[in-house]
Amino acid sequence: MRTGHYKERWSQYVALSDNPTVWAWVAALLAALLIAPVVLDGYSTTLLVSALIAVVGAVGLNVLTGTTGLISLGQAGFLAVGAYTNGVLLVDHHWPVWATLPASGVVAAAVSLVVGIPSLRLKGLYLAITTLAFSFIINHVILYTESVTHGPNGIFVNGAKILGFDVQRGAPLYYLVLGVAVLSVLTALNLARTRIGRAWMAIRDHDVAARVMGIDLVRYKLLAFMVSSFIVGVAGALISLQIRFINIDVFALILSIEAIAFLILGGLGSIGGAILGAIFLSFLPEMIRLAFAMLGGSTASLLGNYLFEIRGMAYGVVIVVFLRWVPDGLIGLWRDIRTYWSNWPLAY
Amino acid sequence: MSALLSLHDVTMRFGGLTAVNGVEFAVQEGQIYSLIGPNGAGKTTIFNLISAVLRPTNGRILFDGRDLTKVPTHTLAHLGIARTFQNLAVFKHETVVNNLLVGMHAHLRTDPISAALFFGRARREEIRARERVEEIIDFLEIADIRDHVVGTLSYGQQKKVELGRALAVQPRLLLLDEMVSGMNQEEREDIARFILDLKDELGMTVLMVEHDMGIVMDISDRVCVVNHGRRIAEGTPDEVSVDPAVIEAYLGSKRGAA
Ligand SMILES: Nc1ncnc2c1ncn2[C@@H]1O[C@H](COP(=O)(O)OP(=O)(O)OP(=O)(O)O)[C@@H](O)[C@H]1O
Ligand SMILES: [Mg+2]
C-alpha cells in the first residue's frame, strides 16, 4: 500500500524505504550507473565523475548546513584540505590511495575543529562570515607552508593505483568515485535515521528545546562539523585525483557558493535534495553550452570565452530564484507532483 | 516525606526587574501541582529556572536531592525532567514521529560509527524507540498525523506533539507551561484526561502553569499562586480559591476564573 500507515513489522518503520517500487527504481539507477562508463564516451564519463564528486561534497555540506542549520561558506577550504592531504600523502609520502582517501577525511575533520570550536556560539550570517574567513586562512596556510604543500607551485597528483588500475582516469576513476558517492549517501541516510541525525535537526529547528531534550549542543555541533568535513575532505581528495594538478586557485570561493547553490536548488535539509541539486547544477553549464551550440556561430564561441562567468551567474540566479519562489527546492517540487498524482483525481 | 522537587528562596533578576522573588514551594512525588498567577507573574521564568534554561540570581532548586541550578541544561532529560513550552518550541521541519523520537534522545546510546552503519545494535535500538513512540502516539490519539511535518499542523495539534515529545523523555517530573491555551473545549478536556492518566497509570509527577481555572481546580492536588514574582498563596485548590490575596490579585488584574 502506497499511502497507508499500516505496517506489519516494527522493522519496516526504521527501513530507509519499505516501498518495493522505490527499491526497484534505486536498483535500476544503480545498474545504469554501473554500465555508464561502458556505453558512454570518455567526455561524458568525465562529466559524470565531476557530478558524482559534486554529490559527495553536497551530501557532506548538507550535514552541517542542511541538517544542523549551520551555514558554512567554508566548503572550498575543506575541499582544499582534503585535496592537499591526498596529494601530499600520495606523491611525497607514497601512501596507497585506499589510505590517503580516508586520511584526507580525517585531516579535514580535525581541521574543522579549528573553525568549529571558536564558532560554537555563532549562527546564521556570523557563522557564514567566520567560515568564509577560515577558507581564506586555509589558502594562506597552504601558500606559505611551502615545505609541505609546495606552496605556489602546486602538486602534480599522480600514481594513485588500486589493484593495479590507475584510478585517476577513465572507468577506474569513475568506479572509485561512484563507490565513494554511494557510501557517502548511505552514511548520511543512516545518520539521519538515528538519534545523531535527529539531534542535528533538533538543533537546527529549536536549540533550546533540543537542549531540554538532552542534546549536548557543543558535542553535536562539533560532531556535525567533523562528519561534514570528513565527507567534504574526501570529495576534495577525489577532485585532486581527477584533475591531477592542484594549486590554491582550484579552491576559489566560487566552490563554496556552488555548494550552497546545490543545497538550495535541491531543497535545504534533504539528502535527496542535495543529490538532485548537485547533479542538476553540475550538468547545467554543459546544457547551456549545448543550447548555445545549437544557436551556432558567434554566440557559441562567445560562450566558450565566458563559460566560467556564466557558471557563476547561473549559481547566483539559482540561489535567488529558489530562495524566493521555490524554498523547498527540486525535492519539494517532486513531492508536490507525487502527492498530486497519488491523490488524483481527488486533488484539492 | 521529602519532596521530589523543591524551590528554596529562588530569585531571578533581569537587570532592574525582579521576575521571581524568593519563591518557595515543594512538589511531592505523584502530585499534580499547579502554578498560577496573572500575566507576567513570573511563572514561565520559574519553569526556565527549574529546567536549567536560566540560572537564578539566588536560591536553590532541588530535584531528588540534586541542585538543578548547577547542572547543564542537557542533563535534565537524563535526570528525568521534561517540559513543554508556552510558545511552541517544536521541531517544525520534521515529522511528528521524528519530534517524538528526539524526546527519546536521553534513552538512546547509538554512537556515530554504528549510526553510520545502521547495523545490529543501532538498528535494534531504533526499532525499540519506534515501539515506544508508537505507544505515545496511540495514547495521545495522534496516529492520523504521525507522518505529517509538524509545522503544517494546527496550533492545538502542535501542542499535543510537544506533549508527546515530553512524554517520550519518560520523565519522573513533567512541566507543562499553559498546555491548553489556544485549544478548544474538546481538546482541553482531552488534555486534562491525559494528565490524570499520566498520574494514575504511570505515577508521573506533573507541575503545570495554567490559566484555565476549570482545569486547575479539577485536577490539581495543590496550587501555588504567584504575583509580581512573589508567592502569595499555597494550598489545595479549595484553600487558594477562597484566599483573599488570590482573589485580590486576580480581580486587581481583571483576570477572573475561566
Ligand atoms: N529573558 C528575559 N529577559 C528580561 N525580562 C524577562 C525575561 N523573561 C521574562 N522576563 C520578564 O519577567 C516577567 C515575568 O515573565 P514570565 O514570562 O515569567 O511571566 P508569566 O507568569 O509566565 O506570564 P504569562 O502568564 O503571560 O505567561 C515579565 O515582566 C517579563 O517581561
Ligand atoms: Mg508564561
Near pairs, Cβ below 6 angstrom, 6+ apart or cross-chain, from the stretch B:158-180 (assigned to a loop (DSSP other than H, G, I, E, B)) to any residue that is of a type in the set (Asp, Glu): B:Val180/B:Asp212
Residue satisfying condition, being within 17 Å of the chain's Cα centre (by Cα), open to solvent by 30 Å² or more (accessible area, probe 1.4 Å) and not acidic (Asp, Glu), within set A:Ile260, A:Ile279: A:Ile279
Any hit, the stretch B:192-202, residues being among the basic types (Lys, Arg) and in the same structural domain as B:Val27 (by TED's automatic domain parsing): yes
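Listed here are the residues, each with its yes/no results for (1) more than 22 Å from B:Gln31 (Cβ to Cβ); (2) facing chain A (nearest Cβ under 10 Å); (3) crowded, with 16+ Cβ neighbours inside 10 Å.
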{"residue": "B:Leu76", "(1), (2), (3)": "no, yes, yes"}
{"residue": "B:Val97", "(1), (2), (3)": "yes, yes, yes"}
{"residue": "B:Val102", "(1), (2), (3)": "yes, yes, yes"}
{"residue": "B:Leu108", "(1), (2), (3)": "yes, yes, yes"}
{"residue": "B:Ala122", "(1), (2), (3)": "yes, yes, yes"}
{"residue": "B:Glu125", "(1), (2), (3)": "yes, yes, yes"}
{"residue": "B:Glu141", "(1), (2), (3)": "yes, no, no"}
{"residue": "B:Leu167", "(1), (2), (3)": "no, no, yes"}
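If only one of B:Ile215, B:Ile219, B:Ile191, B:Ile247 is farther than 26 Å from B:Lys159 by Cα and among the hydrophobic types (A, V, I, L, M, F, W, C), which one is it?
After ruling out the rest, the residue left standing is B:Ile247.
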Residue list for the stretch A:159-210, filter: closer than 20 Å to A:Ser104 by Cβ and aromatic (Phe, Trp, Tyr): A:Phe165, A:Tyr174, A:Tyr175
Number of positions in the stretch B:42-70 that are out of contact with any Asp or Glu (no Cβ under 8 Å at 6 or more places or on another chain) and either modelled with pLDDT under 95 or charged (D, E, K, R) (or both): 6
Qualifying residue in the stretch B:19-29 (condition: surrounded by 22 or more Cβ atoms within 10 Å (Cβ to Cβ) and aromatic (Phe, Trp, Tyr)): no
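For (1) of a type in the set (A, V, I, L, M, F, W, C); (2) over 30 Å from A:Tyr126 (Cα atoms); (3) modelled with pLDDT under 95, each residue gets a yes or a no:
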{"position": "A:Thr21", "(1), (2), (3)": "no, yes, yes"}
{"position": "A:Ala28", "(1), (2), (3)": "yes, yes, yes"}
{"position": "A:Leu33", "(1), (2), (3)": "yes, yes, yes"}
{"position": "A:Ala36", "(1), (2), (3)": "yes, yes, yes"}
{"position": "A:Tyr43", "(1), (2), (3)": "no, yes, yes"}
{"position": "A:Pro102", "(1), (2), (3)": "no, yes, no"}
Boolean, B:Asn39 is open to solvent by 20 Å² or more (accessible area, probe 1.4 Å), within 13 Å of ligand 2 (Cβ to nearest atom) and at pLDDT below 95: yes
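Among the candidates A:Leu281, A:Leu253, A:Leu268, which residue alone is of a type in the set (A, V, I, L, M) and within 28 Å of A:Asn158 (Cβ to Cβ)? Please lay out each step first, then the result.
Numbers: A:Leu281 fails: within 28 Å of A:Asn158 (Cβ to Cβ); A:Leu268 fails: within 28 Å of A:Asn158 (Cβ to Cβ).
The match here is A:Leu253.
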Looking only at the stretch B:42-56, and only at residues there that are free of Cβ contacts under 8 Å to residues at least 24 places away in the same chain and within 16 Å of ligand 2 (Cβ to nearest atom), the one that is farthest from B:Met179 (Cα to Cα): B:Val53
Matching residues, the stretch A:171-209, being at the interface with chain B (Cβ under 10 Å from one of its Cβ atoms), in contact (Cβ under 8 Å) with a residue 12 or more places away in the chain and open to solvent by 30 Å² or more (accessible area, probe 1.4 Å): A:Thr187, A:Leu189, A:Ala192, A:Arg193, A:Arg204
Scan of the stretch A:64-83 for residues that are touching a Ser or Thr at 6+ places or on another chain (Cβ under 6 Å) and either polar (S, T, N, Q) or open to solvent by less than 10 Å² (accessible area, probe 1.4 Å) (or both), ordered by number: A:Leu64, A:Thr65, A:Ser72, A:Gly74, A:Gln75, A:Ala76, A:Gly77, A:Phe78, A:Gly82, A:Ala83
In the stretch A:252-286, the residues that are out of contact with any Ser or Thr (no Cβ under 8 Å at 6 or more places or on another chain) and of a type in the set (S, T, N, Q): A:Ser270
Single match in B:Gly252, B:Gly182 (criterion: modelled with pLDDT under 95, within 16 Å of ligand 1 (Cβ to nearest atom) and over 25 Å from B:Val23 (Cβ atoms)): B:Gly182
Members of the stretch A:91-108 that are open to solvent by 10 Å² or more (accessible area, probe 1.4 Å) and assigned to a helix (DSSP H, G or I): A:Val91, A:Asp92, A:Trp98, A:Ala99, A:Leu101, A:Pro102, A:Ala103, A:Val106, A:Val107
Candidates B:Gly214, B:Gly182 - the one that is on the phi > 0 side of the Ramachandran plot and either within 14 Å of chain A (Cβ to nearest Cβ) or surrounded by fewer than 17 Cβ atoms within 10 Å (Cβ to Cβ) (or both): B:Gly182
Count - residues of the stretch B:44-74 that are open to solvent by 20 Å² or more (accessible area, probe 1.4 Å), under 19 Å from B:Gly30 (Cα atoms) and touching a strand residue (DSSP E or B) at 6+ places or on another chain (Cβ under 6 Å): 1
Meets criteria (more than 9 Å from chain A (Cβ to nearest Cβ), part of a helix (DSSP H, G or I), surrounded by fewer than 17 Cβ atoms within 10 Å (Cβ to Cβ) and without any contact (Cβ under 8 Å) to a residue 40 or more places away in the chain) for B:Glu131: no
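Somewhere in the stretch A:217-227, is a residue touching a His at 6+ places or on another chain (Cβ under 6 Å) and within 7 Å of another protein chain (Cβ to nearest Cβ)?
The answer is no, given that none of the residues of the stretch A:217-227 is touching a His at 6+ places or on another chain (Cβ under 6 Å) and within 7 Å of another protein chain (Cβ to nearest Cβ).
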Enumerated helices (runs of 4 or more DSSP H) restricted to the stretch B:8-109, each holding at least 2 residues that are away from ligand 1 (no atom under 13 Å from the Cβ): B:76-79, B:96-103
Matching residues, the stretch B:184-218, being assigned to a loop (DSSP other than H, G, I, E, B) and within 16 Å of ligand 2 (Cβ to nearest atom): B:Glu210, B:His211, B:Asp212
Residue among B:Gly16, B:Gly80, B:Gly59 that is more than 16 Å from ligand 2 (Cβ to nearest atom) and within 14 Å of chain A (Cβ to nearest Cβ): B:Gly80
B:Ser34 within 16 Å of ligand 2 (Cβ to nearest atom), away from chain A (no Cβ under 14 Å), open to solvent by less than 10 Å² (accessible area, probe 1.4 Å) and polar (S, T, N, Q): yes
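The values are calculated or read from the model by the stated rules, or taken from the named source; none is laboratory data. Since the model is a prediction, treat every value here as computed from it, not as a measurement. Methodologically, a virtual Cβ is constructed for each residue, glycine included, from the backbone with ideal geometry; neighbour enumeration extends over all protein chains shown. Side chains are part of the model used for accessible areas, which takes the heavy atoms of the whole protein and leaves out ligands, DNA and RNA. Shrake-Rupley method; radii C 1.70, N 1.55, O 1.52, S 1.80 Å.
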